[in-house]
Amino acid sequence: MAVALPTRPCPTHAPPQGRERAPAPQRPRRKAPCALALIALIASLGGPHAAAARAPDAPSTGPPASSAQPGAPPDEAAGSPAEGRPVVSPVQRPGERDAPQRACSFTLPVCVHAPADVPGAALLESLAHLEAAMRAYDALGLPRPLPDGARGGSPSYDLYLERGPRRRPTRVGHDLRAVGERFDAASAFALIAAPGRGGCPSASDAAYALGHAVAVRLDAGAEEGALAMAASYLAAIAAPCAAEELAAIDAFQRAPERALTGAALGALDGALLFPWYLDDAYGTGTPAQVAMSLLAIAAQSTPAGAARFRAEPDTFDALRASLRSRGKDLDDLLLEFAIARAFLGSRSDGAHLSDAERFGDFGRVRFEWSLPYATLPRRVAPLRPIEPTGATYLWLDLSAEDASARPDLKAAEITFVADWELPALFRWAIVKVDRRGAEAGRVEVAGIFGSSRAQRTVVGLDGLSGLLLVGVNAGSMIRSRPFDPDDAPFMPHAYTVWLSK
């Protein structure tokens, strides 16, 4: 079925009122990656309804100039685009003298460079890892890294090996924004430790580096957290490595209060669960299509001479617009994902994330509190405040080891009251968990703009092992200031929860 695509491939900010945007200079036309990715996003998000999400008049994240309030801070009163990462990469490409050895593939555009004292076997092993990763990304239908001209001696993607032990994080860099491209795109490179005793970490590093290069071809100005998330997810697909993934997932699940985009570039990060969830919930079966399409849709064109990339719209703006066409908000998605990550690893019930059992106890999310039913009423607070897009978990245990001590829950009810700090907006869900550890139902408590309290009474507790209370910081309750990943470091907010019977 044919789908009408919008004539403008990416949403842009409307010019401030009273000013007209100067006509853009004519440039050679090319295939816009946003338009190509839009087709994939329409397919992965469910057909022509998703096309409405890419309407060219998507709202900007800043308020209109006419809505500025007297005395408002400059960043709230103006609708100027936010600034993103530096255009000049902090990681510099090594010169030929530093890495005189070079090995290139006969069939794929990838090369490996190394100092003179690195064994030739290490170059060939890294080259094999790069080739395997590129074949995997080709199979997924992803674009190859942008050719870098004569840098590194050829237009191929360049991976530089370093002497010494493996350092974390891996250093990934990008070249200056490509000239002649309509949207921000850049070639990339990386510096990783030379393979030592074999094993999968080196393959994971190479796949991560190549995944980063694919991402910056789609949107060189994407926020660092989004690039780290995409590269981690691609590496987990192309070069699965249990040692790397278990450590990353464990760290991510131990700190659920952290923002999803809080990762630094260079190391496999557990935030890969988020694009994984997007594929599971909204994809059509091909991994990475949703996440990479969002990157392409959010691509912008940074003015020449700018020190930083133009960062609006970002990937979360693209996600917001896509969800709106399905009648959902980003808040709904964040809460659904927070619930799904609670059923990971040894807590998996097989109904939330595919193949989630393989992480075992490393996948168990940290609960702030585990409260026995007999101790109610209780008022509790988290160990650490919650960053925007971060989550928090509490467990109310309705079981008892001694059968005679188990409460009679047939007519029981639980009253839940949550209070939190302004100006955050929290969303809550009370998930009923049966005695097999599976979700038996849920009660969602919607956040109300302008209010810092949520309250709900839950009944139907018979046959349950407990109630899982899930909260997520959905960002600011100021509608004109939605969550922006470029606002890091993020301001966390705390809460209290009151439970009574």
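Compute the signed sum of charges (Lys and Arg +1, Asp and Glu -1) over the other residues within less than 11 Å, Cβ to Cβ, of G153.
Net charge around G153: -1.
Beta carbons within 10 angstrom, averaged per residue: use that to sort the peptides 187-196, 443-452, 383-392, highest first.
187-196, 383-392, 443-452
Let me check I've understood the local charge: for M491, count other residues with C-beta under 10 angstrom from its C-beta, Lys and Arg +1, Asp and Glu -1. What total comes out?
-3
Out of L335, P303, L323, whose Cα points farthest toward the positive end of the dipole of the range 268-360 (charges: +1 Lys, Arg; -1 Asp, Glu; placed on Cβ)?
P303
How much net charge surrounds V443 when only the other residues with a Cβ under 10 Å from the Cβ of V443 are counted, with Lys and Arg +1 and Asp and Glu -1?
On the way: positive: K432, R442, R456; negative: E444.
Local charge sum for V443: +2.
If you keep only loop residues by DSSP, which trypsin sites (Lys or Arg not before Pro) in the range 188-265 have at most 16 other Cβ atoms within 10 Å of their Cβ?
Passing sites in the range 188-265 are R197.
Please go through the range 291-369 and write out the GluC sites (Glu not before Pro) that DSSP classes as loop and that have at most 16 other C-beta atoms within 10 Å.
Counting only loop positions with at most 16 other Cβ atoms within 10 Å, none of the GluC sites (Glu not before Pro) in the range 291-369 qualifies.
Under a point-charge model restricted to the Cβ atoms of Lys and Arg (+1) and Asp and Glu (-1), what is the dipole moment magnitude of the range 135-255 relative to its Cα centre, in debye to the nearest 20?
340 debye
A short reminder: the numbers here are calculations on the coordinates, not readings from a lab. Here the structure is a predicted model, which means the values were calculated and not measured. Here Cβ is always computed from backbone atoms with ideal geometry, including for glycine, and neighbour counts include all displayed protein chains.
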